[in-house]
Each structure stands twice: as structure tokens, then as C-alpha cells.
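Reviewing the structure listed below.
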Amino acid sequence: MHRYETLFILHPEIPEAQVRETLDRVRRLIEGMEGQVTEIQDWGIRDLAYPIRKQPRGTYVLTQYSARAEVVKELERTLKLADEVLRFISVRMPQPRKVSRRATRRPRPAAAAEQSSASGAEQGS
């Protein structure tokens, strides 16, 4: 399973109860397909950069979860069909990188031998 974030914008005039119901529907869909919801953040109503469907504002919601790719496809299909969703985007989050024990690279022994023989040749001239 991979980590994903989906940000969606809801119509600003829908009641708070419908916003909560949409968030519950998203959570049930992800968990019903064996995904795991990490966090759902309701960012509230914010101004849009440009009007979408003649709306200058929207309710932003960020969902972070771990799931298979099929879950993301189904979630996006569901959001596309929902009338209260103005726009959405899903992004796969990068996996955390393991930090190498060696922070710096040491020169290879062959490269070190070439450097010392080259400097010895210059001193002999």
C-alpha cells in the first residue's frame, strides 16, 4: 500500500451536516476497500484563486490515507459524481527515504592510487 493525499473543494453553500456526511462517506469508502485513513483535515471555507462553477469560495478538505491504487480510482470516481464537490486532486506521497550510514562518499582505492602516482610524477620533474 502507498500513501496518498486527496484535496477536494466542496460547494460553500452546503450545510455543515452535509459536509460531515461527505467526509464520513469518504472515510467509509477508503476503509471499506482495506485502506487506512491517517487524517482528515477540514480547512474550512476559503477564497478560490478563480471562480469554479460561478463560486468564488469553497470548503477545503484534505484527506491523508494509505491504500492501493484501486481505492484512489474509486474515490476519484465517487468525487467526480458528487454534486457538492467542485474540484479534487489526488497525489501519491513519496516513501520515506532511509538515511545511509555513510553521509560522504570515500574515494575508491584505485582513484586514490592514481592521484598519489600523479602527484609523485609532478614532484620528480
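The values are calculated or read from the model by the stated rules, or taken from the named source; none is laboratory data. Computed from a prediction, not measured in an experiment: that's the story for all the values here. Neighbour counts are summed over all protein chains in view; Cβ atoms, including those assigned to glycine, are modelled from backbone coordinates with ideal geometry.
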Original post:
What number goes with the only condition from (1) surrounded by 14 or more Cβ atoms within 10 Å (Cβ to Cβ); (2) of a type in the set (A, V, I, L, M, F, W, C); (3) part of a helix (DSSP H, G or I) that ALA17 does not pass?
Top reply: (1)
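Quick grid of which residues meet (1) in contact with a helix residue (DSSP H, G or I) (Cβ under 9 Å, 6 or more places away or on another chain); (2) within 13 Å of SER90 (Cβ to Cβ):
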site: HIS2; (1), (2): yes, yes
site: LEU7; (1), (2): no, yes
site: GLU21; (1), (2): no, no
site: VAL26; (1), (2): yes, yes
site: MET33; (1), (2): yes, no
site: TYR50; (1), (2): no, no
site: ALA67; (1), (2): yes, yes
Original post:
Conditions: (1) surrounded by 12 or more Cβ atoms within 10 Å (Cβ to Cβ); (2) modelled with pLDDT of 95 or more. GLY35 meets all but one. Number of the miss?
Top reply: (2)
Original post:
ALA49: at pLDDT below 65 and more than 18 Å from ASP24 (Cα to Cα), yes or no?
Top reply: no
Subject >> Sole residue being modelled with pLDDT under 95 and of a type in the set (A, V, I, L, M), chosen from VAL61, VAL99, VAL91 >> reply: VAL99
**OP:** Run ASP42 past the list (1) in contact (Cβ under 8 Å) with a residue 24 or more places away in the chain; (2) in contact with a helix residue (DSSP H, G or I) (Cβ under 9 Å, 6 or more places away or on another chain); (3) part of a strand (DSSP E or B) and report the number of the one that doesn't hold.
**Re:** (1)
Subject >> Only one of GLU74, GLU122, GLU84 that is under 17 Å from MET1 (Cα atoms) and either of a type in the set (D, E, K, R) or modelled with pLDDT of 95 or more (or both) >> reply: GLU74
